[in-house]
Each structure stands twice: as structure tokens, then as C-alpha cells.
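Accompanying notes for the structure given below.
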Amino acid sequence: MRRRTGIPCALRRVRWRSQASKKAKVSAMAKLFESIGKLGLALAIGGGVVNSALYNVDAGHRAVIFDRFRGVQDIVVGEGTHFLIPWVQKPVIFDCRSRPRNVPVITGSKDLQNVNITLRILFRPVTSQLPRIFTSIGEDYDERVLPSITTEVLKAVVARFDAGELITQRELVSRQVSEDLTERATTFGLILDDVSLTHLTFGKEFTEAVEMKQVAQQEAERARFVVEKAEQQKQATIISAEGDSQAALLIANSLMDAGDGLVELRKLEAAEDIAFQLARSRNVTYLPSGQGTLFQLQP
């Protein structure tokens, strides 16, 4: 009986020990996974903090730092990767490369003609003045500044010239616009690398008036040509008549001096010329003089 009761007790002990070892292994694995999870969470939080503390400034760009407690800082940050205080500081990126912009303007000339002008501007901000530009104007400084100052300068310059001068003196107009606009943009911290007039047209009425003027000028030129041609023909007729008169006078003087000899000389020259012309003709046959050759032929 003691042996029978001892065997089940031993089995219970073995089972209890195996179950205890399994529970210990499960607890150890749970602690390991918990440690790994905490480490991963810590790494993720640390990576997020580090990532939020870094920012990049690309080539041709500059950054201005806005601090929640001190406002916009005067330091301009250059290209590369930089650190900041998360949540407290915020970078504002500006493109400092030259960019084109077309500004169309409708204005009036000195003689009150409507003029449509399109100005192409190549601009960029002054790097050292980016904090002032961001504080006083904003990130969209080109939208706020360029259209207004371009319209102002173009209207002031175009009003100094007539419509015809805007075409014939276009280079001078472009140079004055460039000088005045560059000086005006400097006050806002902008640099204009190039200013050019790309489009210049006038109103419909002025275009029609120019066409009518050109037609009238062409008709006037044609009429002047006709008058000059008639004058030249008149002069030619006078010169020819004077030549004939002088020739007749010379012939009359020669007849008075030489008598009929000159007439006989002219007859001989005319006969020689007629004989030369007849000799070259194939339809002319020469017959001996004093003989009736055609009458001696047999019928």
C-alpha cells in the first residue's frame, strides 16, 4: 500500500516541477520582449526628437530662424544640415537664386496713346536682408513688391516719350526703366539681375493711324516719282531738241561753206549703206547693167 501511494506523489512532484519551469521560461521571455519593446520605444522617441531637431538647407537657399520667445533672429543660416530647438524654433527657407517674372502693364504715352508693355524681370533677394524681408514683407515678397513697383516705374518712364519714340528709342526706354526699377527694388532688399522689354504694342486706333500714314507716305512717294519722271522726260526732250537744232545749224553752215559737195558725200554714204544691206540679203539677185537678160529667155 505504501508503494502504491508513493508513486502518485512522485508523479505529482515531477509534473509540478515541469509546470514551474515552463512558467519561469514564459516569464523570462515576457520580460525579454518587454525590455525590447521599451528599448524600441525609447529609440523611436529619441529618433523623433533628433529628427525634429535637424533641418536641411538646399543649395541656393538660405534659412531664417523664427523663435517663439525671441521672434525672428538676425542670423541667416547657410546651406547644409543644422540643429534647432524643437517646438521653440522654426526654420523659414528662402530661395536666393535668380528667378524670372513677367509683369504686364497697360499705360499711356506722352501723346495719350494706350501702350501694352510686358516687362521681364530676373530677380533675387539680398541674403543679408532676409530677416528684414521676412519681418516686413513676408515669404511671398515677390508677389507683393514686384507688380506694384514695376507698374509705378513703367508708367513714369513711358509718360516721358511719344508713341513713335517708344519704337525708335526702345533701347533708351529699356535702359531708363532698368535704372529706375533697380533703384526702387533696392529699398525692398531685392537685386534685379536683368530687366528687358519683351512686348510692346499700341491701341487699335493708333495702329490704324500708323497704317494710314504709311499708305499716305507711299502714295506721296509714288506721286513724287511720277513728277520726277516727267521732269526727266521733259529735260531729255529739251536736250534732244537742242541737239537737233545744233546739228541742223552745223549742216547749214557746212552747206554754205562747201556747197553741194556735202550733199553728194551724204548720198554716197547712203548708197554705200544700202548696198551693204542688200548684199547681206539672200533674196536679192544682181543683173548686169545694159543687158535684157530676162527678154532673151525662151518661153
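Considering all C-alpha pairs of segment 55-94, those separated by over 15 Å amount to 32%. Scoring 162-175, 74-87 by mean Cβ neighbours within 10 Å over their residues and listing the highest first yields 162-175, 74-87. Entry for segment 98-202 at q = 0.12, 0.14, 0.22, 0.24 Å⁻¹: log10 I(q)/I(0) = -0.40, -0.53, -1.10, -1.27, Debye formula applied to identical alpha-carbon scatterers, no solvent contribution.
Between residue 222 and residue 169, how high is the FRET efficiency from 1/(1 + (r/R0)^6) when r is the Cβ-Cβ distance and R₀ = 35 Å? Nearest 0.05. Working from the Cβ atoms, E equals 0.75.
Each value in this text was obtained by applying a stated rule to the coordinates, not by laboratory testing. Predicted, not measured: the structure shown is a model, and the values here were computed from it. Positions of Cβ are generated from backbone atoms using ideal geometry, with glycine treated the same way; all protein chains shown enter the neighbour counts.
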